[in-house]
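Visitor: Here it is, the structure, as C-alpha cells.
The values are calculated or read from the model by the stated rules, or taken from the named source; none is laboratory data. Keep in mind the model is a prediction, meaning the values are calculated, not measured. Note: ideal-geometry Cβ built from the backbone for every residue, glycine included; neighbour counts use all protein chains shown. Ligands, DNA and RNA are excluded from the accessible area calculation, which covers all protein heavy atoms including side chains. Shrake-Rupley method; radii C 1.70, N 1.55, O 1.52, S 1.80 Å.
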Amino acid sequence: MSHAATHDEHHDHGPEAGIMRWIKTTNHKDLGTLYLWFSMIMFFIGGLMSLVIRAELFEPGLQFVQPEFFNQMTTMHALVMIFGGVMPAFVGLANWMIPMMVGCSDLALPRVNNWGFWILPFAFGLLLSTLFMDGGAPAAGWTMYPPLVLQTGDAFPFLIFAIHLMGISSITGAINVIVTILNMRAPQMTLLKMPLFVWSWLITAYLLLAVMPVLAGAVTMLLTDKYFGTSFFTAAGGGDPVMFQHIFWFFGHPEVYILILPAFGIVSTIIPTFARKRLFGYDSMVYAMASIAFLSFIVWAHHMFTVGMPLAAELFFMFATMLIAVPTGVKVFNWIATMWRGSMTFETPMLFALGFVFLFTIGGFSGLMLAIAPVDFQYHDSYFVVAHFHYVLVPGAVFSIIAAIYYWIPKWTGHMYNERLGQIHFWLSAIFINVTFFPQHFAGLAGMPRRIPDYATQFTDWNVISSVGAFVYFVVQFVWAYNMIVNCIMKKGEPATSRVWEGAHGLEWTVPSPAPYHTFEEPPVLDESEVQGAHADEHQHEVQGKPA
Amino acid sequence: MSEPRTQSAPAEAPAGAPAKPRRLVRGGQLLLVAVAMFGFGYALVPLYGFICDITGLNGTNRGLKLEAQVDEAVDSTRTVRVEFLTTVNNNLPWEFSASQSSLEVHPGQFHTVTFEARNLAERDYLAQATPSVVPWNAAQYVRKTECFCFSPQDFASGEHKIMPVRFLIDPALPPEVETITLSYTFFDATGLARSDI
C-alpha cells in the first residue's frame, strides 16, 4: 500500500515559501532538516577549534596562540561538539525518522518542537559571542569545575545561560520523543516491534529528562556562587568544590550515554540491512540499552578517582563501571552475530557502521582500562583520556551520524549520493581518525597531560602524527559535504527508489522517496516484514521474501 | 486506506481527536519529572553533606566541629604524629603559620597549638579558615574544643592574631593511622553569606 501524500482538504498545502517556512515550521521533517544543518555548521566550527588546538600542539613550545586562548579552544571545542554537534544531530535524526518509523504524522508536540530548535541558535549565539569579549571565552574546561570556572570574566553568565537554553532545548526534545513513541505509534506497532533506533531514542530521552535538569541546577549554583553570595562550592563559605564534581558527573556520565545510545540504534538498523538478515538478539539489544542506561546513574565517580575517596567507594565505582562492559559486550556480540552468514554488501552506510563497531570497541576497551582505579591514577587527566573519549565520540557517535545520513538521505531528498565518493570518504576518515587519535594513547601513557598548550619534547613525534591526522580528517569531511549537498540535496545523484536499500525494512521505506511533506496522516497497517525484531515472524529469520 | 482509528489518531486530526489531550497530559507529566529532577540536583547538596558527615569524607564531619566537652582518657602506649599545614588561598597578602610544624601526641590527651595570622594588605578582611584532615578515616577522631576555624575572623589592615587550637586525638583512632595531617586554608570570606561548616 502506498502512503503517498493523500492530501485531503485540510492538508492540501505544501510548505510555506521563503524563510518563514523555516521559522514557523512545525513539520518534523523541516525541523529535522534544521537540526541537521545546525549540527553540521557546529561540527565545522568545533572542528576549526580543534585545528587550532592541533596546530599549537604540532610542536612543543608556543607557536600560534597564547595559553589562555588555547584553554578557551579546548573548552569551546567540547561544548560546541557535544551540545551543538552530536546532540542536535541525534535530535535531527529523531525528528526525521521517529514519526516515519512508528507510523505517525508528526511528533506529538509540534510547536514545542519548533521552539526546541529555535532556542539553539540563540544558545550558541550567546556561547560563541564570548569569543569576542574582553577576557575571552570560558577557559576552565567543559566540565566547569569550580573554583577555576568562577574566575571566568564577562563570559561567565553567557556560558551559564547558554547551557540553560541548551538544556531546555534538550528537555523539550526528550519530552516530545517520549510522548510520540508512547502515544502515537501505529496500531499494530507494539513496543517490542519498534525499530531499535526508536528504542534507543526512547531510553536516551529518559536519560535526558533525568540529567539535563541536574546540570541546569549545577550551573545555577555556580551562577549564584559567583554573583549572589551563595557558597555551594565556595570553601570560604562552607561549601565544597568537590561536591560540584559529584553533581556534574551525576549528569555527565548519563550524558555520555546520551551521546552514544542513539548511535547504537543507528548501527542496529544499518547492519541488518546490509547483512540481509534480521537483527540478532533484538530483545537483548533492548535490555542491554536499558541496563546501560540504569548503570550510567551509579558510576559517576569513576571520573574522579583521584579526588580522594575511601577505598570502598573506589572499589564500588570501579566494579560498577566494569559491569557496563557486559551489556555493551552483548551489543557488540549481537552486531557480529547479525553479520554471521549474512549476504553482506559494503555500501558506505555499512562501512561506517562497521567502522563504528570496530573503533567504538577500541574506545570501550580503553574505557575499561581507565575504570581500573589503581591505574587510573596514572591515566587521569592525561592524553590517554583524550584518546579514549575521542574514540567513542568520533569513530563512535560521529561515524554513526554520518552512517545514518548516508543511509537515510536518499529517503529525505529522493536522490542517491555518489558511492565512489562515499567509499573514499569512509576510507580516508577511518584511516586518518586513527592517525589522529591512536598516537594520543601513547603520549598519554608516557605522561603527557591534557589541556596543556606546551609539552615536553619527548612527546613531539606522537603529536606531529596526531596533528597531521587531524588536518587531513577535517579536509576529508568536505568530500562528504560535497557528496551530500551536490548529489542529494541539489539532486544531481541518481533518483532513489522508495525502498532505497535491498535489505531495508521499516515503515519509512514504504513511503516514496523523497518522503512527502506529510506522511502517515492515516495510521499505516504494519506489515510484519517491516518489523526489525524477531517478533515479526518467529519462523522467518532470513528475510528476503516479499510481503504476501 | 481508511483504517479504523484506534488510540493512535493522527496528531493534528481536527475532528475531536481524543489523542490530543492525552499527549498533552503525558507531556505535562514528563515536564513535571524534569522540574523534579532540577530539584533533585539541589537535593544532592544536603545529601552530600549528610554522606560526608557519616563517612568523614573530605574531613568535614564531627571531628572538625566544635565540641563543648571532650573527656581526656590518655592512651600512653601509643604515639601519633600530628602535622600542621597552613595555606592562604588565592595568594592573598596574608601571613599564616603554625607555631610548630608537627607534634607527637598520645591519643586521648589534650594539646594546644597556636596559629598566627597577619593581614598585610591595606584593607580589612573577613577571613574564614577551612580545616581538612588526611587520611580521611582519621577525620572523625580529631576532637576540638577550640579553633579559629569555627567562625569567620575579622582582620583589620595590618592586624596580627594569635589563635590557639585545642584538640585531642580520640583513642579509638584506627591502629594503622600513625600520622595525621591537619590542614587549614584561609579564604577571603568578605561579603559571603556564611553557612555553618
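Visitor: For a bin width of 10 Å, list the pair-distance distribution of the stretch A:398-548 built from all Cα-Cα distances, rounded to whole %.
Guide: 10, 27, 23, 19, 14, 7, 1
Visitor: Using 0.36 nm per residue of separation minus the Cα-Cα distance, give me the extension gain between A:T460 and A:E419 in nm, one decimal.
Guide: Using 0.36 nm per residue and subtracting the Cα-Cα distance, I get 11.0 nm.
Visitor: In chain A, carbon and sulfur make up what percent of the accessible area (probe 1.4 Å)?
Guide: That share works out to 70 percent.
Visitor: Mean 1/r over all different Cα pairs, inverted: what Kirkwood radius does the stretch A:60-137 give, in Å? Intermediate values should be presented prior to the final figure.
Guide: Details: mean 1/r = 0.0663 Å⁻¹.
With all distinct Cα pairs of the stretch A:60-137 included, I get 15.1 Å.
Visitor: So, by mean Cβ neighbours within 10 angstrom, what's the order for A:147-159, B:115-127, A:257-269 with the highest one leading?
Guide: Ranking the peptides A:147-159, B:115-127, A:257-269 by packing returns A:257-269, A:147-159, B:115-127.
Visitor: For the stretch B:85-155, give the percent of accessible area contributed by carbon and sulfur heavy atoms, probe 1.4 Å, rounded to a whole number.
Guide: Details: 1370 of 3220 Å².
The computed percentage sits at 43.
Visitor: With label points built 7 Å along Cα→Cβ from the Cα atoms of A:L311 and A:I298, find their separation and express it in nm.
Guide: Each label point is offset 7 Å from its Cα along the Cβ direction, giving 2.2 nm.
Visitor: Could you check the spin-label model distance between A:I489 and B:H106? Points 7 Å from the Cα along Cα→Cβ, value in nm.
Guide: The modelled label-to-label distance comes out at 8.3 nm.
Visitor: Another question, then. With r defined as the distance between the Cβ atoms of A:V525 and A:L131 and R0 fixed at 56 Å, what FRET efficiency is calculated, to the nearest 0.05?
Guide: Efficiency, rounded to the nearest 0.05: 0.60.
Visitor: For a quick protection proxy, order the peptides A:132-145, A:408-421 by their average other-Cβ count within 10 Å, most packed first.
Guide: Per-residue Cβ counts within 10 Å, averaged per peptide and sorted highest first, yield A:408-421, A:132-145.
Visitor: Would you mind checking the pairs A:K29/A:K411; A:K24/A:K492; A:K277/A:K492; A:K29/A:K491 and listing those with alpha carbons more than 20 angstrom apart?
Guide: Table pairs above 20 Å Cα-Cα are A:K24/A:K492; A:K277/A:K492.
Visitor: Assuming R0 = 25 Å, can you tell me the calculated FRET efficiency for the pair A:F377 and A:I452, based on Cβ-Cβ distance, to the nearest 0.05?
Guide: With a Förster radius of 25 Å, E is 0.85.
Visitor: Also, I was wondering about something else. Taking only complete DSSP H runs, can you tell me which helices of chain A stretch 15 Å or more along their own long axis by Cα positions and average at least 1.6 on the Kyte-Doolittle scale?
Guide: Membrane-span-like by this criterion, though nothing is claimed about a membrane: A:155-183, A:261-275, A:311-323, A:348-371.
Visitor: Would you kindly state how much longer the chain becomes between A:D283 and A:I19 on full extension, computed as 0.36 nm times their sequence separation minus their alpha carbon distance, in nm to one decimal?
Guide: Taking A:D283 through A:I19 to full extension adds about 90.6 nm, to one decimal.
Visitor: Further question: B:T145 label point, 7 Å along Cα→Cβ, cut-off 11 Å on backbone N: hits in the stretch B:157-190?
Guide: B:166-168, by backbone N distance to the label point.
Visitor: Right, another one. Please compute the average number of Cβ atoms from other chains found within 10 Å of each residue's Cβ in peptide A:94-104.
Guide: Taking all residues of A:94-104 together, the mean is 1.
Visitor: Pull out the extension gain between A:D154 and A:W115, defined as 0.36 nm times the separation in residues minus the alpha carbon to alpha carbon distance; nm, one decimal.
Guide: Residue separation times 0.36 nm, minus the Cα-Cα distance, leaves 11.3 nm.
Visitor: Ok, one more. Distance from the Cα centre of the stretch A:131-163 to that of the stretch B:119-197, in angstrom?
Guide: When both Cα centres are located, 31 Å separates them.
Visitor: Okay, moving on. Dividing the Cα convex hull volume of the protein assembly as shown by residue count, how many Å³ per residue is that?
Guide: Residue-normalised Cα hull volume stands at 177 Å³.
Visitor: Over the protein assembly as shown, with the other protein chains present, what is the accessible area per residue in square angstrom, probe 1.4 angstrom?
Guide: Working: 29400 Å² over 745 residues.
For the protein assembly as shown, the solvent-accessible area averages 39 Å² per residue.
Visitor: Taking just the alpha-carbon atoms of the stretch A:81-232, what radius of gyration and Dmax come out, in angstrom?
Guide: My reading of the Cα-based Rg and Dmax gives 17.9, 59 Å.
Visitor: Then there's this: What is the Rg over Rh value, at two decimals, for the stretch A:339-466, using alpha-carbon atoms and the Kirkwood definition of Rh?
Guide: 1.08
Visitor: How much mean residue ellipticity at 222 nm does chain A get from its helices, if each DSSP H run of length 4 or more adds -39500 (n - 2.57) and you divide by all residues, to the nearest 500 deg cm²/dmol?
Guide: On the way: 18 runs with 326 residues, N = 548.
Here the helix-only value at 222 nm equals -20000 deg cm²/dmol.
Visitor: Am I reading the A/B interface right? What is its buried accessible area, both sides, 1.4 Å probe, to the nearest 100 Å²?
Guide: 3800
Visitor: Any chance you could check the stretch A:105-119 for residues losing 40 Å² or more of accessible area when the partner protein chains are in, compared with the chain on its own (1.4 Å probe)?
Guide: Residues meeting the cut-off: A:L109.
Visitor: Still on this model: How many Cβ atoms of partner chains, on average, are near each residue of A:223-233 if near means within 10 Å of its Cβ?
Guide: Mean shielding count: 2.
Visitor: Label points 7 Å out from Cα along the Cβ direction at B:D124 and A:S343: separation in nm?
Guide: Taking the two extended label points, one gets 8.8 nm.
Visitor: Treating the beta-carbon of each Lys and Arg as +1 and of each Asp and Glu as -1, no other charges, what is the dipole magnitude of the protein assembly as shown about its Cα centre, to the nearest 20 debye?
Guide: Charge dipole, the protein assembly as shown, about its Cα centre: 1480 debye, nearest 20.
Visitor: Can you quote the Å³ per residue value for the convex hull of the Cα atoms in the stretch A:169-241, rounded to an integer?
Guide: That works out to 100 Å³ per residue.
Visitor: If I take R0 = 41 Å and measure r between the Cβ atoms of A:L191 and A:F161 in this structure, what FRET efficiency does the formula 1/(1 + (r/R0)^6) give, to the nearest 0.05?
Guide: The computed FRET efficiency comes out at 0.60.
Visitor: Would you list which aspartates and glutamates come within 14 Å of B:K161, measuring only between C-alpha atoms, while excluding same-chain residues fewer than 8 positions from it?
Guide: B:E95, B:E116, B:D124
Visitor: Order A:363-372, A:385-394, B:88-97 from most to least packed using the mean count of other Cβ atoms within 10 Å.
Guide: With the highest mean Cβ count within 10 Å placed first, the list reads A:385-394, A:363-372, B:88-97.
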